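First comes the structure, then the notes that go with it.
The values are calculated or read from the model by the stated rules, or taken from the named source; none is laboratory data. Source: prediction; values computed, not measured. Note: ideal-geometry Cβ built from the backbone for every residue, glycine included; neighbour counts use all protein chains shown. Please note that ligands, DNA and RNA were not included when accessible areas were found on the heavy atoms of the full protein model with its side chains. Shrake-Rupley method; radii C 1.70, N 1.55, O 1.52, S 1.80 Å.
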Amino acid sequence: VFLLPLCIGSAMVSGAIWGGIPGWLRVRFGAHEVINTIMMNFIAFGLVDYLVLNHLKPNGEMISQTAQISGGLQLPRLSTVVPFLPNSNPLELSFLGAIGAALLFHGFLKRTVWGYRIRMVGLNAEASIRSGISESRTILLSMGLGGAVAALVGVWDVLGYHYRFVSGFNAGWGFLGIAVA
């Protein structure tokens, strides 16, 4: 009961810290956040591959992956909750979580002071600064939130689809996300 929220929460905190690094580089040095996040992706790929290959892979495994997580942490397939879906459907409960997260963040951006500040800095940084909004804090917040949401994709893939961490699982999702956005 407590381990699943702990896994999701720790992934989001880690993602927020990782996403906050390019935000801090932007605020401190004026470095471009897109270039920094692309570079951070490659650092993350290398770090995770090193950890999986050298420390987390079970002995004797040929594939670069961790051991399967325990059944209590595995998100059930949506077909077990919704009876009219076929059992072969790989869709799991994280699909509902993704919809919930999208609605939550939409509400956050539209209904909170911090959401207003993020929108203002994004629309017109000069005007937002003149109205007293801290551009630096807003950039750090938005980059951290972006990292936290991106971490949800990874943790839901591990807990709900593969039931283990598989190196190279993302197959360029970040670049695809940029294209979609």
Subset of the range 23-44 (residues that are open to solvent by 90 Å² or more (accessible area, probe 1.4 Å) and without any contact (Cβ under 8 Å) to a residue 40 or more places away in the chain): Arg28, Phe29, His32, Ile35, Met39, Phe42, Ile43
Check on Gly20, open to solvent by less than 90 Å² (accessible area, probe 1.4 Å), modelled with pLDDT of 90 or more and over 18 Å from Val153 (Cβ atoms): no
In the range 150-181, residue modelled with the highest pLDDT [restricted to those that are small (Gly, Ala, Ser) and open to solvent by less than 50 Å² (accessible area, probe 1.4 Å)]: Ala151
Checklist (1) surrounded by 12 or more Cβ atoms within 10 Å (Cβ to Cβ); (2) closer than 29 Å to Met143 by Cβ applied to Ala102, failing item: (1)
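Take the residues in the range 105-132 that are surrounded by 11 or more Cβ atoms within 10 Å (Cβ to Cβ) and among the aliphatic types (A, V, I, L, M); name whichever of them is farthest from Ser142 (Cα to Cα).
The initial filter retains those residues of the range 105-132 that are surrounded by 11 or more Cβ atoms within 10 Å (Cβ to Cβ), namely 105-109, 112, 114-122, 124-125, 127-129.
Among the residues that remain, those that are also among the aliphatic types (A, V, I, L, M) are: 109, 118, 120-121, 125, 127, 129.
Numbers: Leu109: 10, Ile118: 7, Met120: 12, Val121: 10, Ala125: 14, Ala127: 18, Ile129: 16 Å.
Step by step, filter the range 105-132, then rank; the result is Ala127.
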Criterion violated by Phe95 - all others in (1) of a type outside the set (D, E, K, R); (2) open to solvent by 70 Å² or more (accessible area, probe 1.4 Å); (3) without any contact (Cβ under 8 Å) to a residue 12 or more places away in the chain satisfied: (3)
Pro58 vs. criteria open to solvent by less than 80 Å² (accessible area, probe 1.4 Å), within 23 Å of Ala11 (Cα to Cα) and either touching a residue at least 60 places away in the same chain (Cβ under 8 Å) or in contact with a strand residue (DSSP E or B) (Cβ under 6 Å, 6 or more places away or on another chain) (or both): no
Of the criteria (1) closer than 20 Å to Pro5 by Cα; (2) in contact with a strand residue (DSSP E or B) (Cβ under 7 Å, 6 or more places away or on another chain), which one Gly72 fails: (2)
